[in-house]
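Report on one structure; see the data block that follows.
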Amino acid sequence: MLLNNVRRNFSSVVKNRLKYLSPSLKTFEAFDKPLVLERGEMQYLYDDKNNKYIDLLGNNLTVSVGHSHPKVVKAATDQMKKLSHCTTMYYHEEPASLAKELVERLPPHPSGDEWVVHFVNSGSEAVDLAAQMAMVYTGRPEMIGLHKGYHGLQGYAAGLTAIGKAEQPCYSSMFSSTSHVSPNNIEQLEDHLKYTTGGKVAGFIAEPLQGYGGIYSLKQGYLKEAFKLINDYGGVSIADEVQTGMCRTGESFFGFETQNNKAIPDMITMAKGLGNGVGLIGAVICRRPIAEAFTTKMFFNTYACNPVACAASRAVLKVIDEENIMENCKNMGNLFHTELSKLCLEMPEVYREIRGQGLFQGLEVAGSTLEKSGENAYELHRRLLKHGILLGRGSAAGNVFRIQPPMCIGHNDVLKVVEAIRSVGMQWKISNDKTSEKYEKYRPKKNIYAQMEDLLH
Ligand code: PMP
């Protein structure tokens with residue numbers, strides 16, 4: 001009876017999603033066979049059949065301190081009962097206090113300018129607004145990003161994203177004033193400034209540790225030098241902390257502060273984990289004069305400074321301090337790194353490299369070509385699901401397992417994940433599967449509607 005109910009529920013969720021939700025939601029869909037999730041508890045997720053998974057991607061880094069963390073749930077629901085929204089036409093305590101608490105975590109800006117915060121509703125919106133502010137402040141249109149950078153897929157964020165995978169006719173060409181350079185090459189950046197922008201740049205944006213592009217640290221000192229060069233040419237620097245912020249690197253609250261980067265930007269963008277899954281949160285933090293230049297522009301978004309999202313975010317910041325989250329990122333990150341490095345040595349034909357730091361790491365899957373490694377990663381990813389591991393794949397080829405779980409993940413979970421990765425790798429090695437044939441079999445078909453019947457029976 002229970003099984004029948006579960007089955008009916010699964011069928012109706014899948015049917016309704018495929019029939020009534022737009023197929024345009026398909027980008028990044030993880031599996032060909034749908035996975036219906038029902039609830040989350042700290043680092044774990046549960047599906048409609050009550051199967052438990054370790055969430056190695058924090059539901060796309062939205063969940064920073066744990067699914068349904070009781071302190072965050074309480075803060076958000078208490079606020080929801082009092083006032084669920086307060087337009088920025090009026091003043092409210094939650095956004096004002098959250099802004100103060102974020103600014104208190106920042107180092108002083110070398111210019112002596114104060115930091116101020118503009119809350120928006122998502123990461124793309126934060127990056128889009130930061131680009132607009134940079135353009136208005138400098139009076140120039142040219143924005144520069146890095147190859148393999150991901151900054152969102154709406155507005156100027158779409159133009160600044162350079163993953164090379166976008167299937168619509170080239171996101172970056174949507175904006176003639178956005179361009180990209182290779183990371184870690186200061187000479188190329190300077191040439192680009194001189195010859196592409198004619199020396200007149202509005203701003204430069206970088207993730208302090210590249211995330212969706214494949215988990216790549218920047219070369220030591222690059223970010224600091226790049227920011228200085230941009231300032232020398234009259235532009236502003238932007239650190240996109242949507243993934244690297246909130247202590248995830250295990251070293252500092254923001255990614256630009258790590259020993260590797262030691263840079264201070266003019267502007268910072270945040271989102272995702274700031275709300276621990278309560279959406280409607282994104283932020284641009286910048287030097288006051290940059291924001292002041294923008295006060296003459298008509299810019300408004302209805303849900304900015306939403307008090308429920310801000311109350312949740314304040315609770316997240318408290319949990320980060322009270323539960324030693326940064327320490328946990330460091331310790332669990334080191335454990336992942338040690339164990340996965342061993343695995344790369346043990347089976348280099350399956351796992352090529354482990355990169356990153358803290359709970360911001362990427363395990364690159366091997367393959368005779370880049371495309372092949374993407375196919376191998378797809379198959380291993382699918383097999384890991386059976387071991388109760390949910391993860392995401394990054395890079396344009398989709399060949400990098402992203403290790404970015406809720407930051408409360410524990411010692412035993414890490415060992416369980418490593419064991420599962422070892423086990424699927426070992427099976428893979430032994431069976432020496434013909435990966436491309438397998439991949440073809442499981443590759444999601446073009447028209448998912450045509451598969452609906454198969455999925456339901
Ligand atoms: N910046 C970075 C670094 C991101 O990783 C993302 C999302 N993956 C964004 C911006 C865009 O955020 P959102 O999806 O909330 O628009």
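No value in this document is a laboratory result; all are computed from the given coordinates. Bear in mind the structure is a predicted one, so any value in this text is a computation, not a measurement. Here Cβ is always computed from backbone atoms with ideal geometry, including for glycine, and neighbour counts include all displayed protein chains.
Give LYS272/LYS297; LYS194/LYS228; LYS74/LYS100; LYS272/LYS416; LYS219/LYS330 a once-over and call out the pairs whose C-alpha atoms are over 18 Å from each other.
LYS272/LYS297; LYS74/LYS100; LYS272/LYS416; LYS219/LYS330
Subtracting the Cα-Cα distance from 0.36 nm times the residue separation, let me have the gained length for LEU335 to VAL73 in nm, one decimal.
Value of the extension gain: 91.4 nm.
Take the Cβ-Cβ distance between THR369 and SER176 as r, set R0 to 25 Å, and report the resulting FRET efficiency rounded to the nearest 0.05.
E between THR369 and SER176, to the nearest 0.05, is 0.15.
Hey, what angle do you get for helix 70-82 against the long axis of the chain, alpha-carbon based, 0 to 90 degrees rounded to 10?
Computed tilt is about 60 degrees.
Counting only C-alpha contacts under 8 Å and six or more residues apart, can you give the relative contact order of the chain as a whole percent?
21
Distance between Cα centroids, the stretch 1-54 to the stretch 287-319: provide it in whole Å.
First find each Cα centre; the distance between them is then 33 Å.
Rg to Rh ratio, the chain, alpha-carbon atoms and Kirkwood radius?
Rounded to two decimals, Rg/Rh equals 0.97.
If we count other beta carbons within 10 Å of each Cβ, what is the order of VAL73, VAL103, VAL117, fewest first? Each step should come with its number before you reach the end.
Details: VAL73 16, VAL103 13, VAL117 21.
Taking fewest neighbouring Cβ atoms as first place, the list is VAL103, VAL73, VAL117.
Gain in length, ASN60 to LEU83, computed as 0.36 nm per residue apart minus the alpha-carbon separation, to one decimal in nm?
Gain in length upon complete extension: 5.5 nm.
Only helical DSSP H runs with n ≥ 4 go in: add -39500 (n - 2.57) per run for the chain, normalise by residue count and round the 222 nm mean residue ellipticity to 500 deg cm²/dmol.
-13000 deg cm²/dmol
Give the calculated FRET efficiency between GLU29 and THR196 to the nearest 0.05, with a Förster radius of 35 Å applied to their Cβ-Cβ distance.
Details: r = 36 Å, r/R0 = 1.04.
After rounding to 0.05, the efficiency reads 0.45.
Counting only Cα atoms, I'd like the Rg/Rh figure for the stretch 79-198, Kirkwood definition for Rh. Before the final figure, lay out the partial values.
Values: Rg = 17.8 Å, Rh = 16.9 Å.
Taking Rg over the Kirkwood Rh, I get 1.05.
Out of all Cα-Cα pairs in the stretch 73-322, roughly what percent, to the nearest whole number, are more than 24 Å apart? Could you put the intermediate results ahead of the total?
Working: 13385 of 31125 pairs.
Considering the stretch 73-322, 43 percent of its Cα-Cα pairs are separated by more than 24 Å.
What order, most packed first, do the peptides 187-200, 307-320 have when packing is the mean number of other Cβ atoms within 10 Å of each residue?
With the highest mean Cβ count within 10 Å placed first, the list reads 307-320, 187-200.
Given the Cα-Cα distance of ILE430 and GLU41 and 0.36 nm per residue of separation, how much length would full extension add, in nm?
The ILE430-GLU41 span can extend by a further 136.5 nm.
Between GLU93 and THR302, take the C-beta separation as r, use R0 = 22 Å, and let me know the FRET efficiency to the nearest 0.05.
Efficiency at R0 = 22 Å is approximately 0.65.
Could you check the spin-label model distance between GLU349 and ASN324? Points 7 Å from the Cα along Cα→Cβ, value in nm.
Placing both labels 7 Å along Cα→Cβ, they lie 4.3 nm apart.
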